[in-house]
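Undergrad: First the structure, then my questions, so here it is.
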Amino acid sequence: MFQLLNPLWLFAAAALVIPIVLHLWNIRPGKVLKVGSVSLMAAASRKSSRSLKLLDVPLLLLRCLLLLLLALLLAVPVWQKKPETAKVKGWFLIPKEHFTIAYQRFKPTIDSLTKAGYAFHYFNPGFPQSDLKQILLHPKDSIKVSDNRQSVSYWDLIQELNTKVPAALPVYLFTPNQAGYFTGSKPQVALNLHWQTFLPADTTASWIARAWFTSAGNIRIAQGDSRPSGMAYTYTDVQMGKQANLPYIVTVNNGQATVSLKNSKQAATVVDTSAIRMAIYADNSASGAGYVKAALQAVGQFAHRKIFIKQYSSAASIPAGQAWLFWLSGKPVSSRLIQQSRNILLYEHGKTINASSWISNDSRFATAVQQGQPVGLYKLITAGNRTYPAVWQDGFGRPVLSLQQSANTKIYHFYSRFNPSWNDLVWRNDFPAWLLALVNGEALPVAETQDKRMLSQQQLMPEIISETYAVAVKTMKTNALMPYFWLALVIVFITERWLAHRTPKTVSL
């Protein structure tokens, strides 16, 4: 079916009247014939006649066709047709990397679908179709088993599948149900979807997420353990040379220490030897340095990290390379410190208002925070027109601590004060935990192959919408006609130029 994506440009076809008018206007003048005498010519009554005659009709038609093709090009012509699905009863899909185990788990169902005329496609980007019989006859040639998971989320693939398959066509899907395969948001699709899942054979995983030297000289190891019911981390201190009864192997090569799990294929993790240096700057007009320093010292004891905390009264004496700079002053931070510090928490200044609310922290930064009684908030500085993402906010959604991400530095804007007259945070036992959540930053890394958590059928199923609201275009196959129209336009233009400049034939009398 021929369609135009921008039919408004068809009004440009009105330009066809231009060559027609020009051809009608181009009337050749009459020829003057010289005769010897007109005395013998009989007088005749005056007669006048007028006729409009089109000259060079082929040239006129070519010019009209040229303008018409140009108007159609601007209207973007396409050819749409419905896919031929009458012969296919439906689709069934399996991820290529899980074909063997999926076929073993659902062999009766898959065989019955094949006999019923369902087409087999891999549940991978592009959904390539394959012959199931050939795969079963030559499995080693057809399927390359890989330990690496695909990077595309199953939900993203479902969203793509929604544009490939008509809403009424049955679709059977056989995949694992581990949480690592599902990232992003749950999609809305108009599919006749039957999703069956299975739990892979490797249902548990253990790995070393991070390792570092403590202030006592030991190696602290954060070990992750994942199973279908959930994920947890355990922390263990290992003394150098005394790990015989522990499941860890510590090696030192060229002064660099690495640690790995016994009987594990995971690559050894390098032990972090760096120290976290923190600077606190406060002048006479600011307060809260004592509270912050005590909380950071508690953070160092809890995290077993080598943390060096120092308070400064002169900004010029703060050395470069600070992991954290707590700027508890009304003075602006120098560009040198912004460039040389990885994280800066500074007091924000502006209009102070009374607030009868509480402070809550964003879940992304609150992994170590125990939920308890709300933290009272009494004074707040308005954020104005700044729209940085809120890390802490009050009960009305106003930012209390917001994050500004620059090139190499994270700047945290604090719209309150570390002062009991401003809020109850400094009196709370979990105040160090709030700062620990900031200092730790992102959560411990987890690879997709290590996440063994299981999703229920209700959790993984996308939201099925009615076919009435489905996009009708997904059942149409669209072919662009622009290249063909461009070719026709070039041919017509060349022909028109040739006719316009051709040498007229000489007529002999």
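The values are calculated or read from the model by the stated rules, or taken from the named source; none is laboratory data. The shown structure was predicted, so the numbers you read here are calculated from the model rather than taken from an experiment. FYI the Cβ positions are ideal-geometry reconstructions off the backbone, even for glycines, and counts take in every protein chain you see.
Undergrad: Being among the charged types (D, E, K, R) and part of a strand (DSSP E or B) is the filter here, so list the residues in segment 293-340 that pass it.
TA: Scanning segment 293-340 gives a single hit, K310.
Undergrad: Let me ask you something else. List every residue pair whose Cβ atoms lie under 7 Å apart, where the two residues are 6 or more positions apart in sequence or sit on different chains, the first residue falls within segment 165-189 and is free of Cβ contacts under 8 Å to residues at least 40 places away in the same chain, and the second residue, located anywhere, is outside any loop (DSSP other than H, G, I, E, B).
TA: Qualifying pairs under 7 Å: G184/W155; G184/D156.
Undergrad: Any idea how many residues of segment 157-174 are among the hydroxyl-bearing types (S, T, Y) and modelled with pLDDT under 95?
TA: 1
Undergrad: Considering only residues that are outside any helix (DSSP H, G or I), under 25 Å from the mean Cα position of the chain (by Cα) and either hydrophobic (A, V, I, L, M, F, W, C) or modelled with pLDDT of 75 or more (or both), which ones fall in segment 122-156?
TA: Across segment 122-156, the qualifying residues are Y122, F123, N124, P125, G126, F127, P128, V152, S153.
Undergrad: Residues that are touching a Leu at 6+ places or on another chain (Cβ under 9 Å) and modelled with pLDDT under 60: does segment 78-98 have at least one?
TA: Yes, segment 78-98 has at least one match.
Undergrad: For segment 215-224, check the following and say yes or no: at least one residue is in the same structural domain as F431 (by TED's automatic domain parsing), in contact (Cβ under 8 Å) with a residue 12 or more places away in the chain, among the polar types (S, T, N, Q) and not in a strand (DSSP E or B).
TA: No, segment 215-224 has no match at all.
Undergrad: So which of G376, G384, G372 is among the small types (G, A, S), at pLDDT below 75 and over 28 Å from the mean Cα position of the chain (by Cα)?
TA: G372
Undergrad: Additional query: Are there any pairs, at least 6 apart or on different chains, whose C-beta atoms fall under 9 Å, with the first in segment 2-18 and assigned by TED's automatic domain parsing to the domain that holds A71 and assigned to a helix (DSSP H, G or I) and the second surrounded by 12 or more Cβ atoms within 10 Å (Cβ to Cβ) and of a type outside the set (A, V, I, L, M, F, W, C), and if so, which?
TA: Final answer for the pair search is L16/R63; I18/R63.
Undergrad: Would you mention how many residues in segment 374-401 are farther than 18 Å from L425 by Cα and crowded, with 17+ Cβ neighbours inside 10 Å?
TA: So the count comes out to 1.
Undergrad: If you don't mind, another one. What is the one condition in (1) β-branched (V, I, T); (2) assigned to a loop (DSSP other than H, G, I, E, B); (3) modelled with pLDDT of 85 or more that V490 does not satisfy?
TA: Checking V490 against (1) β-branched (V, I, T); (2) assigned to a loop (DSSP other than H, G, I, E, B); (3) modelled with pLDDT of 85 or more, the one that fails is (2).
Undergrad: I've got another one for you. Within segment 402-415, take every residue that is in contact (Cβ under 8 Å) with a residue 24 or more places away in the chain and part of a loop (DSSP other than H, G, I, E, B) and give me the one that is surrounded by the most Cβ atoms within 10 Å (Cβ to Cβ).
TA: Y415
Undergrad: Is segment 153-163 home to any residue that is out of contact with any strand residue (DSSP E or B) (no Cβ under 9 Å at 6 or more places or on another chain) and of a type in the set (V, I, T)?
TA: Yes, segment 153-163 has at least one match.
Per-residue answers, yes or no, for (1) under 30 Å from L161 (Cα atoms); (2) touching a Lys or Arg at 6+ places or on another chain (Cβ under 9 Å); (3) among the hydrophobic types (A, V, I, L, M, F, W, C):
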{"residue": "T409", "(1), (2), (3)": "no, yes, no"}
{"residue": "F431", "(1), (2), (3)": "no, no, yes"}
{"residue": "E448", "(1), (2), (3)": "yes, yes, no"}
{"residue": "L455", "(1), (2), (3)": "yes, no, yes"}
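Undergrad: Here is a further query. How many residues, within segment 278-309, are under 39 Å from the mean Cα position of the chain (by Cα) and charged (D, E, K, R)?
TA: 2
Undergrad: Moving on. Restricting the search to segment 104-138, which residues are in contact (Cβ under 8 Å) with a residue 40 or more places away in the chain and over 20 Å from N192 (Cα atoms)?
TA: R105
Okay, residues lined up against (1) under 29 Å from D202 (Cβ atoms); (2) free of Cβ contacts under 8 Å to residues at least 12 places away in the same chain:
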| residue | (1), (2) |
| --- | --- |
| G230 | yes, no |
| M240 | no, no |
| N254 | no, yes |
| A279 | no, no |
| A289 | no, no |
| F302 | no, no |
| S314 | no, yes |
| A320 | no, no |
| S329 | no, no |
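Undergrad: Being outside any loop (DSSP other than H, G, I, E, B) and surrounded by fewer than 16 Cβ atoms within 10 Å (Cβ to Cβ) is the filter here, so list the residues in segment 171-195 that pass it.
TA: Of everything in segment 171-195, those that are outside any loop (DSSP other than H, G, I, E, B) and surrounded by fewer than 16 Cβ atoms within 10 Å (Cβ to Cβ) turn out to be Q188, H194.
Undergrad: Every residue in segment 387-401 that is of a type in the set (A, V, I, L, M, F, W, C) and either in a loop (DSSP other than H, G, I, E, B) or at pLDDT below 80 (or both), please.
TA: F396
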